[in-house]
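K.L.:
One structure coming up, written as structure tokens, with questions to follow.
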Amino acid sequence: MNATLQKRIETNGILALCLLDIDQFKDLNEQWGQPLADQFLRVFAQRPRAEAGPDNLIGRIGGDEFAVALKDCAHTEAALQRLERLRQSLARTAVLDNVQLRLTCSAGVTFYPDDLGDADGLLRHADLALYAAKEQGKDRIAVFDIQQGQRLQARRHTAKLVEDALLQGEMELFFQPKVRISDGQVIGAESLIRWHHPERGLLAPGAFMDDIVGTPASGKLDYWVLDAAFKAGHTLVTQGCPLPLSINIAVPTLIDSRFQQEVARLLKRHPSLPQPFLEVELLETETFNDLSAVAYVIQGLDELGVQCSIDDFGTGYSSLTYLQRLPAQIVKIDQSFVREMLDNERDRALVRGIVSLAHAFNRTVVAEGVETTAHSGALRDLGCDGLQGYGIARPMPLPDLIRWIRAWQPPPEWVGAPQPVR
């Protein structure tokens, strides 16, 4: 197709190169099986050819992805209107073997001569625009933008590196302990990913997580973390240090039906783990668009004996709504409020309000960002239940966590200190 496309580039006017992709084709394969999915695909493949007309180039370039080149377009808006009609033609309902199906379609387009790439370059740019359309919510057209394309290309490169790192064993879980404020007992640890990058050294999540959000690498990393946490839990049991562990999971992974199935499988495989063992931490700001779906999964996890917590609580815009609609058992106060609460009355008031609100809904409250004994004393006075932060311990590899648990002694001022009445 590239040679034919190169000839089309030499024509007059604007050439629009578009890649189209059926959004839910993977789900179709899983639900109905490959034979029926292939039949549907043949039906869908005929539609863009009929819509594009005989003078334009169209081809299937793999799986459920099609390429369309519209030549001699008068202007980009006219081309976009034609492509939108073509995209919608793919989404019309089809019926085969008494199965009625309507799929949505995403598309990415670039325009020559605004985009001066050769045939291969135009295809790459249309593919980046298609990637952007998927990121923006699917069922739409996205136009290639040079700066956006560079960012997307960098993200895809990082995502590929992360997938390679998983295969090459470069990822490791570190653990940051959580303690109960009333007596200093260790009540769990948060699992935190670290990447032993071959060139950049040890990387925390902030160095790469934002670049893989919404990519397949994010889901693969989530499942790796889940499996690694259970292996770490087994090691803790064998070393005489049984401890619940929490993991951070992206919402798209959480609401995928496979996640709950995998949790159930791992729980059955590791019956010696403490109960409850697993806590799933969800960012408050990530759950906003999927509250109902997240609430449904939390209920299912609760039936398995898995707890859930709302992480970075207070950074969103609908905190009361989250407490009303999400049956999470634990609320974690964002560290940005905790760190400044000793010197900032506004942050102290926010922490006080979050603790009171969470307790009103019968939630356990854990404060992040605890750096000093002054923080722990102030949080105890406000009625907080648990603490996590550098003032307790920094994140550490599993062998160091085991040694830390065995050596941990709560500060003397915690023992016997009066606790607020809840």
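K.L.:
Collect the residues in region 124-146 that are surrounded by 14 or more Cβ atoms within 10 Å (Cβ to Cβ) and of a type in the set (A, V, I, L, M, F, W, C), keeping them in residue-number order.
P.N.:
Residues satisfying the conditions are A126, L128, A129, L130, A132, A133, I141, A142, V143, F144.
K.L.:
Looking only at strands (runs of 3 or more DSSP E) that fall completely inside region 63-105, which ones have 3 or more residues that are more than 20 Å from I14 (Cβ to Cβ), of a type in the set (K, R) and modelled with pLDDT of 80 or more?
P.N.:
By residue number, no strands (runs of 3 or more DSSP E) qualify.
K.L.:
For region 365-401, how many residues meet the condition of being touching an Asp or Glu at 6+ places or on another chain (Cβ under 8 Å), surrounded by 23 or more Cβ atoms within 10 Å (Cβ to Cβ) and over 20 Å from P205 (Cβ atoms)?
P.N.:
Count: 1.
K.L.:
Please go through region 42-57 and pick out each residue that is at pLDDT 70 or above and buried (at least 21 other Cβ atoms within 10 Å of the Cβ).
P.N.:
F44 - this is the single residue of region 42-57 that is at pLDDT 70 or above and buried (at least 21 other Cβ atoms within 10 Å of the Cβ).
K.L.:
Shifting gears a bit: Please report, ordered by residue number, the helices (runs of 4 or more DSSP H) entirely within region 305-409 with at least 2 residues that are touching a strand residue (DSSP E or B) at 6+ places or on another chain (Cβ under 9 Å) and under 23 Å from F230 (Cα atoms).
P.N.:
Output list reads 398-407.
K.L.:
Would you check if A229 is more than 15 Å from the chain's Cα centre (by Cα), at pLDDT 95 or above, assigned to a helix (DSSP H, G or I) and surrounded by 20 or more Cβ atoms within 10 Å (Cβ to Cβ)?
P.N.:
yes
K.L.:
If you scan region 160-182, which residues turn out to be modelled with pLDDT of 90 or more, open to solvent by 10 Å² or more (accessible area, probe 1.4 Å) and either in a loop (DSSP other than H, G, I, E, B) or among the small types (G, A, S) (or both)?
P.N.:
Those that are modelled with pLDDT of 90 or more, open to solvent by 10 Å² or more (accessible area, probe 1.4 Å) and either in a loop (DSSP other than H, G, I, E, B) or among the small types (G, A, S) (or both): Q168, G169, E170.
K.L.:
While we're on this one: Kindly provide the set of residues from region 183-204 that are surrounded by 17 or more Cβ atoms within 10 Å (Cβ to Cβ) and assigned to a loop (DSSP other than H, G, I, E, B), ordered by number.
P.N.:
G184
K.L.:
Okay, next question. Report, by residue number, each residue of region 232-254 that is closer than 25 Å to S272 by Cα and part of a helix (DSSP H, G or I).
P.N.:
Result: A232, G233, H234, T235, L236, V237, T238, L254.
K.L.:
Suppose we filter region 312-361 for residues that are more than 28 Å from the chain's Cα centre (by Cα), open to solvent by 30 Å² or more (accessible area, probe 1.4 Å) and not hydrophobic (A, V, I, L, M, F, W, C); how many remain?
P.N.:
10
K.L.:
Here's something else I'd like to know. I'd like the residue in region 205-218 that is open to solvent by less than 50 Å² (accessible area, probe 1.4 Å) and in a loop (DSSP other than H, G, I, E, B) and, out of all such residues, is farthest from I255 (Cα to Cα).
P.N.:
Among residues in region 205-218 that are open to solvent by less than 50 Å² (accessible area, probe 1.4 Å) and in a loop (DSSP other than H, G, I, E, B), the one farthest from I255 (Cα to Cα) is F208.
K.L.:
Restricting to region 133-155, name every residue that is under 19 Å from G62 (Cα atoms) and either without any contact (Cβ under 8 Å) to a residue 60 or more places away in the chain or touching a His at 6+ places or on another chain (Cβ under 9 Å) (or both).
P.N.:
A133, the sole residue that qualifies.
K.L.:
Quick one: what pairs do we get from region 379-392, first residue at negative phi, second of a type in the set (F, W, Y), C-beta under 9 Å, 6+ apart or different chains?
P.N.:
Partner pairs satisfying both residue conditions: R380/W414; I392/W408.
K.L.:
Looking at (1) farther than 16 Å from L122 by Cβ; (2) over 29 Å from the mean Cα position of the chain (by Cα); (3) modelled with pLDDT under 75, which is the only condition W32 fails?
P.N.:
The number of the failed condition is (2).
K.L.:
Take region 70-98 and flag every residue that is under 34 Å from the mean Cα position of the chain (by Cα) and open to solvent by less than 20 Å² (accessible area, probe 1.4 Å).
P.N.:
The answer is L83, L86, R87, S89, L90, A91, A94.
K.L.:
May I ask you to say which residue of G121, G108, G149 is modelled with pLDDT of 85 or more, outside any loop (DSSP other than H, G, I, E, B) and open to solvent by less than 20 Å² (accessible area, probe 1.4 Å)?
P.N.:
G108
K.L.:
Does any residue in region 296-311 that is within 27 Å of F337 (Cβ to Cβ) come within less than 6 Å, Cβ to Cβ, of a residue that is open to solvent by 10 Å² or more (accessible area, probe 1.4 Å) and of a type in the set (D, E) six or more places away or on a different chain, and which pairs are these?
P.N.:
Close Cβ pairs satisfying both conditions: Q307/E279; S309/E279.
The values are calculated or read from the model by the stated rules, or taken from the named source; none is laboratory data. Note that the structure is a prediction, hence the values are computed from the model and not measured. Neighbour counts are summed over all protein chains in view; Cβ atoms, including those assigned to glycine, are modelled from backbone coordinates with ideal geometry. Surface accessibility is based on the protein's heavy atoms, side chains included, excluding ligands, DNA and RNA. Shrake-Rupley method; radii C 1.70, N 1.55, O 1.52, S 1.80 Å.
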